Amino acid sequence: MINNFYKLMSTNNFYTTSSRLKFYLENQLFPDIDFNGKSIIDIGGGNGLFGFYAALNGAKEVLVMEPEFDGSQNNMISQFNQIKNLLDNPDNIFHTNKVLEDYERNKTFDYVLMHNSINHIDEEACIVLQTDERAKEKYFAFFSLLQEICHSKTRLIICDCDKSNFWNSISLKNPIAPSIEWEKHQSPNYWSKLLTEKNFKHIKTSWNSPNVLGKIGHLITANKFISYFLQSHFRLEMQYQGKIK
């Protein structure tokens, strides 16, 4: 089933190639993650591509949260439904166009995924996060909402680009990722620092390599130093410790 998923996603243009999708999901995004019987919420999950992977790997429930407002042109709901139909309509994955603030936070999840979405919570605040207390409070308010959907062992997985990148430092566009606006990002260390203040514990930080390089390229480039000259793309894993008594 999972190999068929990879093939369907590539042949229907939801991902470049099945081999690159397989490599990214199994070696970079979800290494050593067992979704069997678990619940997951994917905040800013787009068309649900990563959520469907979890659903097909035994997750009890997957919620893809992607706001799509009236007149929106991103068609994420349409794509989600298309993928669901391609996969014979699995009954353990759902989509909501609500944001976390408007979502009825009456249950907790085992995994919370934020893939390239944490800076979009408030881009303007993210730019000045380290120097503006009001911006920091906006993110603390969001992290408080996260606490409401977490139990004491919930894992939070954040993927994004570090604001520190060689090409940005010399005022040139990154040839691999020319569209990235580096000023709208923060380092994994800084996100970890903020989340620690909200009683999340740092588990690990890893660095992603370009999928086109495969496993050998991953061994060589998936570290902070080499990533600085590539995409500066990281994976931060935290665990909620429960409410402070």
**Q.** Restricting the stretch 180-197 to residues that are of a type in the set (A, V, I, L, M, F, W, C) and over 16 Å from residue 166 (Cα atoms), the residue that is farthest from the chain's Cα centre (by Cα)
**A.** 194
**Q.** Every residue from the stretch 213-245 that is among the polar types (S, T, N, Q), buried (at least 21 other Cβ atoms within 10 Å of the Cβ) and not in a loop (DSSP other than H, G, I, E, B)
**A.** 227
Q: Out of 128, 64, 99, report the one residue that is closer than 28 Å to residue 16 by Cα and among the hydrophobic types (A, V, I, L, M, F, W, C).
A: 64
Q. Which of the following residues is of a type outside the set (Gly, Ala, Ser) and in contact (Cβ under 8 Å) with a residue 40 or more places away in the chain: 208, 189, 223?
A. 208
Q) Among all residue pairs at least 6 apart or on different chains, which show Cβ distances below 8 Å where the first residue, located in the stretch 86-107, is among the hydroxyl-bearing types (Ser, Thr, Tyr) and the second is assigned to a strand (DSSP E or B)? A) 96/63; 96/64; 96/65; 103/65; 103/96
Q.
Suppose we filter the stretch 162-185 for residues that are surrounded by 18 or more Cβ atoms within 10 Å (Cβ to Cβ) and assigned to a loop (DSSP other than H, G, I, E, B); how many remain?
A. 6
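Return yes when residue 65 is more than 17 Å from the chain's Cα centre (by Cα), of a type in the set (A, V, I, L, M, F, W, C), surrounded by 20 or more Cβ atoms within 10 Å (Cβ to Cβ) and more than 23 Å from residue 204 (Cα to Cα) and no when it is not.
Values: more than 17 Å from the chain's Cα centre (by Cα): no; of a type in the set (A, V, I, L, M, F, W, C): yes; surrounded by 20 or more Cβ atoms within 10 Å (Cβ to Cβ): yes; more than 23 Å from residue 204 (Cα to Cα): yes.
No, not satisfied.
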Q) Among the numbered criteria (1) crowded, with 18+ Cβ neighbours inside 10 Å; (2) assigned to a loop (DSSP other than H, G, I, E, B), which single criterion is violated by residue 58? A) (1)
Q | One residue from 225, 166, 200 being closer than 24 Å to residue 101 by Cα, over 16 Å from the mean Cα position of the chain (by Cα) and not basic (Lys, Arg) | A | 200
**Q.** Members of the stretch 186-212 that are among the charged types (D, E, K, R) and either within 17 Å of residue 115 (Cβ to Cβ) or surrounded by 14 or more Cβ atoms within 10 Å (Cβ to Cβ) (or both)
**A.** 198, 204
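Got a sec? Which of 19, 78, 10 is of a type in the set (Gly, Ala, Ser), over 28 Å from residue 147 (Cβ atoms) and touching a Phe, Trp or Tyr at 6+ places or on another chain (Cβ under 8 Å)? Show your work before the answer.
Numbers: 78 fails: touching a Phe, Trp or Tyr at 6+ places or on another chain (Cβ under 8 Å); 10 fails: touching a Phe, Trp or Tyr at 6+ places or on another chain (Cβ under 8 Å).
Exactly one of 19, 78, 10 is of a type in the set (Gly, Ala, Ser), over 28 Å from residue 147 (Cβ atoms) and touching a Phe, Trp or Tyr at 6+ places or on another chain (Cβ under 8 Å), namely 19.
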Q. Any residue at all in the stretch 131-141 that is hydrophobic (A, V, I, L, M, F, W, C), at pLDDT 95 or above and surrounded by 19 or more Cβ atoms within 10 Å (Cβ to Cβ)?
A. no
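For the structure I just gave you, tell me whether residue 78 is at negative phi, assigned to a helix (DSSP H, G or I), modelled with pLDDT under 95 and loosely packed, with under 14 Cβ neighbours inside 10 Å. First the steps, then the outcome.
Values: at negative phi: yes; assigned to a helix (DSSP H, G or I): yes; modelled with pLDDT under 95: yes; loosely packed, with under 14 Cβ neighbours inside 10 Å: yes.
Spelling it out, residue 78 is indeed at negative phi, assigned to a helix (DSSP H, G or I), modelled with pLDDT under 95 and loosely packed, with under 14 Cβ neighbours inside 10 Å.
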Q: Could you tell me whether any residue of the stretch 42-49 is without any contact (Cβ under 8 Å) to a residue 12 or more places away in the chain and either in a strand (DSSP E or B) or out of contact with any Ser or Thr (no Cβ under 9 Å at 6 or more places or on another chain) (or both)?
A: no
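Hey, does the stretch 108-116 have a residue that's among the acidic types (Asp, Glu) and in a loop (DSSP other than H, G, I, E, B)? Before the answer, list the steps.
So the first thing to find is which residues in the stretch 108-116 are among the acidic types (Asp, Glu), and the list is 110.
Adding the requirement that they be in a loop (DSSP other than H, G, I, E, B) leaves none.
For the stretch 108-116, residues among the acidic types (Asp, Glu) and in a loop (DSSP other than H, G, I, E, B): absent.
The values are calculated or read from the model by the stated rules, or taken from the named source; none is laboratory data. A quick note: this is a predicted structure, and the numbers were derived from the prediction, not measured. Every residue, glycine as well, gets a Cβ built from its backbone with ideal geometry; the counts of neighbours run over all protein chains shown.
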